[in-house]
Amino acid sequence: MSEASDAPFSTVEINNESRDEEDLFASAVQEVSLDPDVNGAQDSLDKATLGDITSSPAMINSPVMEEIATERANNIIITVTEPQKIGEGMSSYVAYRVITKTNMPIFSRHEFTVLRRFSDFLGLHEKLSEKYLRSGRIIPPAPEKSIVGTTKLKMTSTPSTESANGTTNSAGMQSQFVERRRAALERFLNRVAQHPVLCIDPDFREFLESDTELPKATSTSALSSAGMLRLFNKVGETVNKITYKMDESDPWFEERCARIESLESGLRRLCGACEALATERRELAARAHDAARAVAAAAAADPHAPLSRALSHLSDLHEKIEHLRNEQANTDFYVLTEHIKDYLGLIGAIKDVFHERVKVFQNWQHAQMQLTKRRENKAKAELANRPEKMEQAANEIIEWESKVERCQQEFDSISRVIKKELERWEELRLSELRATLLRYLHDHMQHEAQAIRYWDAFLPEARAIK
């Protein structure tokens with residue numbers, strides 16, 4: 001049995017190990033003056049500028065903040081590794097080691113490591129959503145909670161890998177569950193790190209840097225009161241999306257909404273096909289395992305020595321093909337299918353910011369209706385010659401005119417931000433999809449080449465039968 005069978009994810013390098021050999025910060029090299037006074041002054045200026053601005057919540061969404069953030073390259077790499085189960089029973093949880101390497105001056109060190117539990121990641125996502133979703137920022141989605149998967153994991157011991165015969169036992173399934181979650185958490189953090197505004201958020205920096213344990217995010221629990229309230233709010237949001245249709249006046253948004261819906265539909269079909277393909281490859285691996293056992297039995301029973309030897313080698317070949325098919329299934333699932341699921345989550349985040357824009361528009365329309373009503377009240381008061389009502393209506397008109405102006409400004413602002421966010425997302429989507437497809441093709445080409453080498457090595461044994 002090959003060494004690859006001991007590690008079901010050995011061919012799926014979600015973390016690119018070869019990047020350790022590269023200079024992570026080669027793009028950040030810059031000329032530095034030999035005058036220590038100049039260097040010290042510049043460093044303190046950089047830290048003071050970023051520190052002062054990010055400490056003020058009102059400045060986080062400002063154009064100045066985005067300009068400063070975009071001028072600095074996001075040289076930051078985050079790795080989520082070493083999932084470990086802490087505790088026993090239903091009170092246990094899985095913690096992940098988060099390793100960050102960066103040369104961004106906003107961080108206190110170039111490399112740091114912290115231990116975070118799954119609820120910490122959800123808590124970070126919740127904080128970022130509360131701060132930035134209303135302004136039109138696309139918040140990268142965090143992995144969804146799985147009550148069934150989490151409960152099974154709590155009630156089992158440390159997850160193991162696949163069993164010796166290549167089949168997946170219950171512990172191996174839990175191991176795959178943890179691996180999928182680990183990879184999804186890593187993608188979530190790196191997407192946040194590459195965002196020009198989210199990467200300098202104080203809560204995000206605390207998540208990566210703080211050596212102390214973060215306060216437990218109890219509101220993320222599905223069974224908590226906050227979780228139930230969040231569920232009811234989500235149902236209300238869904239009903240609002242279905243019942244309220246905004247009369248879109250901007251053709252750009254009309255075209256993008258249609259494009260996003262079409263893209264989501266296509267990706268869902270592709271995701272289902274890729275999952276079916278991975279399942280079929282695992283079935284092929286199981287059939288190869290059955291064939292290996294049957295051929296081995298035939299080899300043991302055959303009295304003809306050359307034929308028996310050839311059949312024995314054929315049995316070994318089918319075992320190798322079994323492991324190769326499992327590796328191909330892992331490539332189908334972890335390289336391509338998980339990437340597609342990732343983008344389905346991102347499309348959900350885009351639809352969330354579209355809905356936030358609709359809610360801002362609703363507020364604007366409500367303010368305009370109230371302003372019209374106050375003007376009608378003033379006209380009625382003038383006709384009835386009631387000075388006290390006229391004065392009250394005039395004050396209310398001034399108040400609602402101000403609200404209408406603020407709502408219109410907010411609507412224009414969120415529309416501008418969403419357009420910039422989608423332009424940035426389109427660029428990243430193309431580059432990431434290209435990299436994923438190239439990696440997927442490269443892995444499968446290696447698998448097919450390995451299969452050919454296996455058969456070529458067996459051919460002399462078949463020809464030696466006489």
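Read-outs throughout are calculated quantities, based only on the coordinates presented, and are distinct from any laboratory measurement. Given the structure is predicted, the values throughout are model-derived calculations rather than measurements. Cβ: placed from backbone, ideal geometry, glycine included. Neighbour counts: every protein chain shown.
Structure note, pairs 359/420; 127/359; 101/419; 145/245; 216/341: Cα-Cα distances above 22 angstrom occur for 101/419; 145/245; 216/341. What the Cβ-Cβ distance of residue 276 and residue 375 gives, at R0 = 60 Å and to the nearest 0.05, is a FRET efficiency of 0.45. First check a/c for the range 414-466, with a ≥ b ≥ c the square roots of the eigenvalues of its C-alpha gyration tensor; if it is under 1.5, answer rounded, and if not, answer prolate when a/b is larger than b/c or oblate otherwise. Judged from the Cα gyration tensor, the range 414-466 comes out prolate (a/c at least 1.5, a/b above b/c).
What ranking do 315-323, 373-381, 445-453 get when scored by the average of other Cβ atoms within 10 Å per residue, highest first?
315-323, 373-381, 445-453
Each residue, residue 302 and residue 144, gets one label point 7 Å from its Cα in the Cβ direction; the gap between the two is 5.1 nm.
Potential lengthening of the chain between residue 245 and residue 365 amounts to 41.9 nm, from the contour at 0.36 nm per residue minus the alpha-carbon distance. The alpha carbon convex hull volume per residue for the range 376-444 rounds to 86 Å³. Does the range 272-391 come out rounded, prolate or oblate by the C-alpha gyration tensor, with a ≥ b ≥ c the root eigenvalues, rounded set by a/c under 1.5 and, if not, prolate when a/b is larger than b/c and oblate if not? Judged from the Cα gyration tensor, the range 272-391 comes out prolate (a/c at least 1.5, a/b above b/c).
Stretched out fully, how many nm does the piece from residue 386 to residue 456 gain, at 0.36 nm a residue minus the Cα gap?
Numbers: separation 70, 0.36 × 70 = 25.20 nm, distance 10.13 nm.
Length gained, residue 386 through residue 456: 15.1 nm.
Roughly speaking, what is the stretch gain from residue 113 to residue 260, that is 0.36 nm per residue apart minus the C-alpha to C-alpha distance, in nm to one decimal? Can you show the working numbers first?
Values: separation 147, 0.36 × 147 = 52.92 nm, distance 3.74 nm.
Full extension from residue 113 to residue 260 adds 49.2 nm.
Spin-label model, residue 424 to residue 269: label points 7 Å out along the Cα-to-beta-carbon direction sit 3.2 nm apart.
Can you work out the FRET efficiency for the pair residue 406 and residue 190, with r the C-beta to C-beta distance and R0 = 41 Å, to the nearest 0.05? Intermediate results must be reported in sequence, preceding the final value.
Details: r = 36 Å, r/R0 = 0.88.
Using R0 = 41 Å, I get an efficiency of 0.70.
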